[in-house]
Amino acid sequence: MSQNNVIENKSVDYVPENERHGQARSLFTLWFCTNIAPLAVVTGAISTQTYHLNILSAISAIIAGHLFGGLFLALTSAQGPRVGIPQMVQSRAQFGRYGSLLVIGFTTAIYLGFFISNVTLSGKVINNVIPALSLHSATILGAVAATLIGIVGYRFIHRINKVGAWVMGIALAAGLMVMLGRPLPGDFWQRGSFSLNGWFATFCICAVWQISFSPYTSDYSRYLPARIGVFKPFICTWLGACGGTILAFLFGVVAVNLVGGDTEAMAAVRQATGWLGPILMILFLLNIICHNSMNLYGSVLSLITAVQTFRPAWLPAARVRIVFSAIVLVGGVLVSLAASANFVSFFLNLIWALIGVLIPWSVINLLDFYVVKQQRYDIDSIFRADGGCYGLVNVNALMIYFGGVAVQLPFVENAFFTGPYAHLIPGADISWVISLAVTSTAYLLFHKKGARLTAPQQQRAN
């Protein structure tokens with residue numbers, strides 16, 4: 001089999017109709033599987049361990065938050081078949097050819113950060129499962145495995161998650177049966193209580209969780225035929241992303257409430273699931289590696305997009321993507337091995353603080369595509385050196401974007417900064433809600449429906 005058949009040959013170029021393939025349901029398995037991860041389990045447990053909600057209140061907040069945030073992720077994913085290009089390349093239509101570099105830079109930094117942190121996590125888990133393997137060797141092994149999946153590319157990522165969705169779904173369903181089949185503590189359903197602050201804080205965490213995936217969702221739908229339309233990829237992505245994450249979050253809630261105390265969520269899972277615990281740990285490890293391949297794939301496409309911005313005639317294929325993947329692999333492993341535990345914690349806090357910059361981007365992206373441009377982009381203009389009808393810099397869009405970031409500051413609370421109104425709703429980060437409302441209003445005021453409406457997208461020659 002030739003390299004072109006094994007390894008994806010495209011990177012940031014437009015995918016013409018004669019190369020499109022697949023069905024929308026593959027998006028369900030992709031987003032279902034990738035969200036069943038240890039971090040999701042740990043985050044779900046926060047609802048009862050930190051916010052002290054009772055089980056039913058936690059369940060309702062988790063479901064509502066993911067269903068709401070998943071709308072943003074799914075609407076972004078549905079753009080892929082319509083435009084046939086990666087998400088960050090598409091940002092040129094909103095911010096201009098050079099104006100998009102700011103968002104590309106932020107997105108690349110965030111997903112490189114996630115890649116490095118998951119390299120560290122996978123190394124620790126491999127070392128725990130196979131103690132004979134040193135931590136350094138385990139870290140390299142996990143990173144190489146994720147990189148190889150990312151290098152093979154789009155089709156393999158979909159296939160491996162298709163299998164993983166069944167395996168992880170059945171495993172977590174079996175784990176819930178094991179946990180709920182044992183005698184429950186007398187106060188299992190009554191432990192904790194409903195509080196509006198705690199409920200809304202949990203809702204916000206779940207909503208932002210979903211929105212944070214938006215910058216690379218269409219990377220995994222751009223090969224689908226344009227005739228599929230918008231609704232099918234939207235509903236498949238929405239149900240998959242929400243279903244997998246809700247399952248993982250509730251898994252963490254049940255485990256920590258069964259074990260009780262302040263037991264760490266993954267330790268509680270292993271303890272509460274008995275004989276199934278060690279098997280689940282291995283499956284979670286495989287999931288971390290598969291999920292991290294998506295962090296690598298997305299960050300590599302973003303890096304190539306940034307470079308290609310200055311070289312319009314350059315259409316890099318598989319070889320360039322392999323080189324960039326190798327650079328990210330080496331850099332990620334070196335940072336992971338050199339970093340102390342405190343540095344990793346600092347790094348993760350920095351990543352979560354940066355996620356605030358994705359909120360106004362997501363709003364602008366969706367409003368521009370669905371309302372202003374009415375699902376029609378001029379693909380040739382997106383790749384032109386002068387930006388075509390979208391120009392080099394869209395000053396209005398950038399000003400609204402900066403405004404959407406700035407209005408969050410008084411309400412933000414993170415490891416680096418606490419705004420004067422951060423505790424307006426104690427325990428809940430409402431900065432993203434403020435940004436969502438302000439950015440939406442401003443963008444619709446300054447960009448009229450149908451403004452610079454383009455002809456239906458044109459296919460680009462190979």
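The values are calculated or read from the model by the stated rules, or taken from the named source; none is laboratory data. Fair warning: this is a prediction, and the values are worked out from it, not measured in the lab. Here the Cβ positions follow ideal geometry from the backbone for every residue, glycine too, while neighbour counts run over all protein chains shown. For accessibility, only protein heavy atoms count, side chains too; no ligands or nucleic acids. Shrake-Rupley method; radii C 1.70, N 1.55, O 1.52, S 1.80 Å.
Name the helices (runs of 4 or more DSSP H) wholly within the stretch 49-156 that hold at least 2 residues that are in contact with a helix residue (DSSP H, G or I) (Cβ under 8 Å, 6 or more places away or on another chain) and more than 17 Å from P360 (Cα to Cα)? Don't jump to the end; show me each part of the working.
Details: elements: 55-77, 80-83, 87-90, 92-95, 101-129, 135-152.
Result: 55-77, 80-83, 101-129, 135-152.
Please tell me if S218 is hydroxyl-bearing (S, T, Y) and open to solvent by 10 Å² or more (accessible area, probe 1.4 Å). Spell out the reasoning first.
Values: hydroxyl-bearing (S, T, Y): yes; open to solvent by 10 Å² or more (accessible area, probe 1.4 Å): no.
Spelling it out, it is not the case that S218 is hydroxyl-bearing (S, T, Y) and open to solvent by 10 Å² or more (accessible area, probe 1.4 Å).
Would you check which residues across the stretch 400-440 are among the polar types (S, T, N, Q) and in a loop (DSSP other than H, G, I, E, B) and list them?
Let us first name the residues in the stretch 400-440 that are among the polar types (S, T, N, Q), namely 408, 414, 418, 431, 435, 439-440.
Of everything in the stretch 400-440, those that are among the polar types (S, T, N, Q) and in a loop (DSSP other than H, G, I, E, B) turn out to be Q408, N414.
Please work out which residue is surrounded by the fewest Cβ atoms within 10 Å (Cβ to Cβ), limiting yourself to the stretch 366-394 and to residues that are among the hydroxyl-bearing types (S, T, Y) and under 10 Å from Q94 (Cβ atoms). First the steps, then the outcome.
Our first condition is that a residue be among the hydroxyl-bearing types (S, T, Y); within the stretch 366-394, this holds for 370, 377, 381, 390.
Restricting the remaining residues to those that are under 10 Å from Q94 (Cβ atoms) gives 377, 390.
Details: Y377: 27, Y390: 25.
Only one residue fits best here, namely Y390.
Identify, by number, the condition in (1) closer than 30 Å to R20 by Cβ; (2) open to solvent by 10 Å² or more (accessible area, probe 1.4 Å); (3) outside any helix (DSSP H, G or I) that L224 doesn't meet.
With respect to (1) closer than 30 Å to R20 by Cβ; (2) open to solvent by 10 Å² or more (accessible area, probe 1.4 Å); (3) outside any helix (DSSP H, G or I), L224 is out only on (2).
Only one of these conditions is not met by P185: (1) closer than 30 Å to G105 by Cβ; (2) assigned to a loop (DSSP other than H, G, I, E, B). Which number is it?
(1)
Checking the structure you have, find out if any residue of the stretch 138-153 is touching a residue at least 60 places away in the same chain (Cβ under 8 Å), under 30 Å from I382 (Cβ atoms) and in contact with an Asp or Glu (Cβ under 8 Å, 6 or more places away or on another chain).
There is at least one residue in the stretch 138-153 that is touching a residue at least 60 places away in the same chain (Cβ under 8 Å), under 30 Å from I382 (Cβ atoms) and in contact with an Asp or Glu (Cβ under 8 Å, 6 or more places away or on another chain).
Would you point out which residue out of L56, L71, L67, L75 is within 30 Å of P312 (Cβ to Cβ) and either surrounded by fewer than 20 Cβ atoms within 10 Å (Cβ to Cβ) or not hydroxyl-bearing (S, T, Y) (or both)?
Numbers: L56 fails: within 30 Å of P312 (Cβ to Cβ); L71 fails: within 30 Å of P312 (Cβ to Cβ); L67 fails: within 30 Å of P312 (Cβ to Cβ).
That would be L75, the only listed residue that is within 30 Å of P312 (Cβ to Cβ) and either surrounded by fewer than 20 Cβ atoms within 10 Å (Cβ to Cβ) or not hydroxyl-bearing (S, T, Y) (or both).
Give the residues of the stretch 371-404 that are of a type in the set (F, W, Y) and within 21 Å of V208 (Cα to Cα), sorted by residue number. Please lay out each step first, then the result.
We begin by selecting, within the stretch 371-404, every residue of a type in the set (F, W, Y); these are 377, 383, 390, 401-402.
Once the filter is applied, which keeps residues that are of a type in the set (F, W, Y) and within 21 Å of V208 (Cα to Cα), the stretch 371-404 yields Y401, F402.
Is there a residue being outside any helix (DSSP H, G or I) and buried (at least 16 other Cβ atoms within 10 Å of the Cβ) anywhere in the stretch 192-211? Steps first, please.
Our first condition is that a residue be outside any helix (DSSP H, G or I); within the stretch 192-211, this holds for 192-195.
Those left that are additionally buried (at least 16 other Cβ atoms within 10 Å of the Cβ): 192, 195.
The answer is yes, given that some residue of the stretch 192-211 is outside any helix (DSSP H, G or I) and buried (at least 16 other Cβ atoms within 10 Å of the Cβ).
In the stretch 282-331, how many residues are closer than 17 Å to A146 by Cβ and either small (G, A, S) or touching a helix residue (DSSP H, G or I) at 6+ places or on another chain (Cβ under 7 Å) (or both)?
Summing the residues that are closer than 17 Å to A146 by Cβ and either small (G, A, S) or touching a helix residue (DSSP H, G or I) at 6+ places or on another chain (Cβ under 7 Å) (or both) in the stretch 282-331 gives 29.
Can you confirm whether L283 is closer than 30 Å to I379 by Cβ and open to solvent by less than 50 Å² (accessible area, probe 1.4 Å)? Explain how you work it out, then say what you get.
On the way: closer than 30 Å to I379 by Cβ: no; open to solvent by less than 50 Å² (accessible area, probe 1.4 Å): yes.
No; evaluated as a whole, the condition is false for this residue.
Would it be correct to say that L258 is modelled with pLDDT of 90 or more and surrounded by 17 or more Cβ atoms within 10 Å (Cβ to Cβ)? Before the answer, list the steps.
Numbers: modelled with pLDDT of 90 or more: yes; surrounded by 17 or more Cβ atoms within 10 Å (Cβ to Cβ): yes.
Judged against the criteria, L258 is a match.
Can you spot a residue in the stretch 161-177 that is open to solvent by less than 60 Å² (accessible area, probe 1.4 Å), part of a helix (DSSP H, G or I) and over 17 Å from L283 (Cα atoms)? It would help to see each step written out before you state the result.
Here is the first cut: in the stretch 161-177, the residues open to solvent by less than 60 Å² (accessible area, probe 1.4 Å) are 161, 164-165, 168-169, 171-176.
After this cut, where a residue has to be part of a helix (DSSP H, G or I) as well, the list is 161, 164-165, 168-169, 171-176.
Remaining after also requiring over 17 Å from L283 (Cα atoms): none.
No: zero hits.
Cβ-Cβ distance below 7 Å, separation of 6 or more or different chains: which pairs start in the stretch 90-115 with a residue that is at positive phi and end on one that is of a type in the set (S, T, Y)?
G96/Y390
Sort out which residues of the stretch 212-221 are not in a helix (DSSP H, G or I) and not β-branched (V, I, T), and write them in order of number. Step through it out loud before you land on a result.
Here is the first cut: in the stretch 212-221, the residues not in a helix (DSSP H, G or I) are 212-213, 217, 221.
Answer for the stretch 212-221, where residues must be not in a helix (DSSP H, G or I) and not β-branched (V, I, T): S212, F213, S221.
Going through the stretch 10-28 one residue at a time, which ones are on the phi < 0 side of the Ramachandran plot, open to solvent by 20 Å² or more (accessible area, probe 1.4 Å) and at pLDDT 90 or above? First the steps, then the outcome.
Here is the first cut: in the stretch 10-28, the ones on the phi < 0 side of the Ramachandran plot are 10-21, 23-28.
Now drop any that are not open to solvent by 20 Å² or more (accessible area, probe 1.4 Å), which leaves 10, 17-21, 23, 25-26, 28.
E17, N18, E19, R20, H21, Q23, R25, S26, F28 - these are the residues of the stretch 10-28 that are on the phi < 0 side of the Ramachandran plot, open to solvent by 20 Å² or more (accessible area, probe 1.4 Å) and at pLDDT 90 or above.
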